[in-house]
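Asks: Just dropping this structure here.
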Amino acid sequence: MRIILFGPPGSGKGTQAKLLCDEFNIPHISTGDLLRAAVGNKTPLGIKAKQYMNTGNLVPDEIMIGLIHEVLESERAKNGFILDGFPRTVNQAKALDEMFASLKIQLDCVISLRVEHDEITRRLTERKSCSSCGRIYNASQISEDHPNACPYCGGELFQRKDDTPETVRHRLEVYLKETKTLKNFYRQSNRFIQIDGMQEIGKVHDTIVSILHKRRQPA
Ligand code: AMP
C-alpha cells in the first residue's frame, strides 16, 4: 500500500498515520521527522535545511526530491509506505510521479483529512505535550485533578509554542495555501480522496481502510 496523507495541523493526521502503518504493516515516512533528525545529527542535509525550517519556509525542492528519492529506493520503503509532509509543491508531486514510474510502483491514493477551522483551533489550543515522554494529549485525556501531569509517565505537560491561537491561524493559512494546487493536481488524475476528519478516531480509520480495500479490488 502506497499512500500520501494530507491533513492540516490538528486534523489527527499523526494518529491516523500510526493506525494505518499498524494495519498495513508499512512505514510512516515523514519528511518533517527526517529533516528534524538530520538537523539534530548536524548532517550536511540538516545544516542546509535548518535555516529554512527555522524561518518557517519550505526547504528547496531539489533537496527534498533528492531526500525522498533516497528513501523510496531504500529497503525500508520496499513494501509500501505512508508519505507525510511530501509532496508540498506541484514540482515535488511531479518529481514523485517520475520516481514511481522509474521504480515501477504505483501510488494507491492521496488521502486528505478535512476538519473545520474552529475545531482545529480548539483541538490545538487545548492539546498539551509531555516534557518527559513526548506523548500528546487532547483536553479530554487530561485529568481534571492533575491538569499538568502526564497520564502515562507523570511528567510535566506543556503547551507547544506554536499551538497558540495566533500561530495556529498562521499555520492553517500556510497549509491551505500549500495544499490547494496540490489537491487539484491529484484530483485531475482521480487519486484524491477527502475524508471527514471531524468523526471520532476509530470511525475515520475505518472509513479510510474500507476505501483503500475497495480501491485495491480489481474493477
Ligand atoms: P512538518 O513537520 O511536516 O510540518 O515539517 C517541518 C518543516 O520541514 C517545514 O516547515 C519545512 O521547513 C520542512 N519540510 C518538511 N517537508 C517538506 C517538503 N516536502 N518540502 C519542503 N520543506 C519541507
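Asks: Only one of ASN79, ASN25, ASN54 is out of contact with any Pro (no Cβ under 6 Å at 6 or more places or on another chain) and either within 24 Å of PHE192 (Cβ to Cβ) or aliphatic (A, V, I, L, M) (or both). Can you tell me which?
Replies: Numbers: ASN25 fails: either within 24 Å of PHE192 (Cβ to Cβ) or aliphatic (A, V, I, L, M) (or both); ASN54 fails: either within 24 Å of PHE192 (Cβ to Cβ) or aliphatic (A, V, I, L, M) (or both).
On inspection, the qualifying residue turns out to be ASN79.
Asks: Note down all Cβ pairs under 9 Å where the first residue falls in the range 52-79 and is within 12 Å of THR31 (Cβ to Cβ), the second is more than 8 Å from the ligand (Cβ to nearest atom) and open to solvent by 100 Å² or more (accessible area, probe 1.4 Å), and they're at least six residues apart or on different chains.
Replies: From the range 52-79, the pairs are VAL59/LYS48; ILE63/LYS48.
Asks: Checking PHE185 against (1) under 11 Å from ILE111 (Cα atoms); (2) in a helix (DSSP H, G or I), only one condition comes out false. Which one?
Replies: (1) is the only condition that PHE185 fails.
Asks: Could I ask something else about it? Going residue by residue through the range 147-154, is there one that turns out to be within 16 Å of the chain's Cα centre (by Cα), open to solvent by 70 Å² or more (accessible area, probe 1.4 Å) and at negative phi? Give the derivation first.
Replies: Keep residues of the range 147-154 that are within 16 Å of the chain's Cα centre (by Cα), which gives none.
No, the range 147-154 contains no residue that is within 16 Å of the chain's Cα centre (by Cα), open to solvent by 70 Å² or more (accessible area, probe 1.4 Å) and at negative phi.
Asks: Looking only at the range 1-27, filter to residues that are open to solvent by 40 Å² or more (accessible area, probe 1.4 Å) and in contact with a Leu (Cβ under 7 Å, 6 or more places away or on another chain); which one of those is farthest from LEU107 (Cα to Cα)?
Replies: Here the answer is LYS13.
Asks: Please specify each residue of the range 49-104 satisfying the condition of being assigned to a loop (DSSP other than H, G, I, E, B), within 14 Å of the ligand (Cβ to nearest atom) and open to solvent by 70 Å² or more (accessible area, probe 1.4 Å).
Replies: Keep residues of the range 49-104 that are assigned to a loop (DSSP other than H, G, I, E, B), which gives 55-60, 74, 78-80, 85-89, 104.
Those still in the list that are within 14 Å of the ligand (Cβ to nearest atom) too: 55-60, 85-89.
Of everything in the range 49-104, those that are assigned to a loop (DSSP other than H, G, I, E, B), within 14 Å of the ligand (Cβ to nearest atom) and open to solvent by 70 Å² or more (accessible area, probe 1.4 Å) turn out to be THR55, ASN57, LEU58, ARG88.
Asks: When you scan the range 105-146, how many residues do you find that are open to solvent by 50 Å² or more (accessible area, probe 1.4 Å) and β-branched (Val, Ile, Thr)?
Replies: So the count comes out to 1.
Condition check ((1) farther than 28 Å from GLY197 by Cβ; (2) at pLDDT below 90; (3) under 16 Å from the mean Cα position of the chain (by Cα)) across all residues:
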{"residue": "LYS18", "(1), (2), (3)": "no, no, yes"}
{"residue": "CYS21", "(1), (2), (3)": "no, no, yes"}
{"residue": "ILE29", "(1), (2), (3)": "no, no, yes"}
{"residue": "LEU35", "(1), (2), (3)": "no, no, yes"}
{"residue": "GLY40", "(1), (2), (3)": "yes, no, no"}
{"residue": "LEU45", "(1), (2), (3)": "yes, no, no"}
{"residue": "LYS50", "(1), (2), (3)": "yes, no, no"}
{"residue": "ASP61", "(1), (2), (3)": "no, no, no"}
{"residue": "MET64", "(1), (2), (3)": "no, no, yes"}
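Asks: Let me ask something additional. Just the residues that are of a type in the set (Val, Ile, Thr), more than 7 Å from the ligand (Cβ to nearest atom) and either closer than 25 Å to MET99 by Cα or open to solvent by 50 Å² or more (accessible area, probe 1.4 Å) (or both), please, taken from the range 28-48. So that I can check it myself, show each step before the final result.
Replies: From the range 28-48, those of a type in the set (Val, Ile, Thr) are 29, 31, 39, 43, 47; that's our starting set.
Imposing the further condition that a residue be more than 7 Å from the ligand (Cβ to nearest atom) reduces the set to 29, 39, 43, 47.
Residues satisfying the conditions are ILE29, THR43, ILE47.
The values are calculated or read from the model by the stated rules, or taken from the named source; none is laboratory data. These figures come from a predicted structure and were not determined experimentally. Positions of Cβ are generated from backbone atoms using ideal geometry, with glycine treated the same way; all protein chains shown enter the neighbour counts. The accessibility values were calculated without ligands, DNA or RNA, using every heavy atom of the protein model including side chains. Shrake-Rupley method; radii C 1.70, N 1.55, O 1.52, S 1.80 Å.
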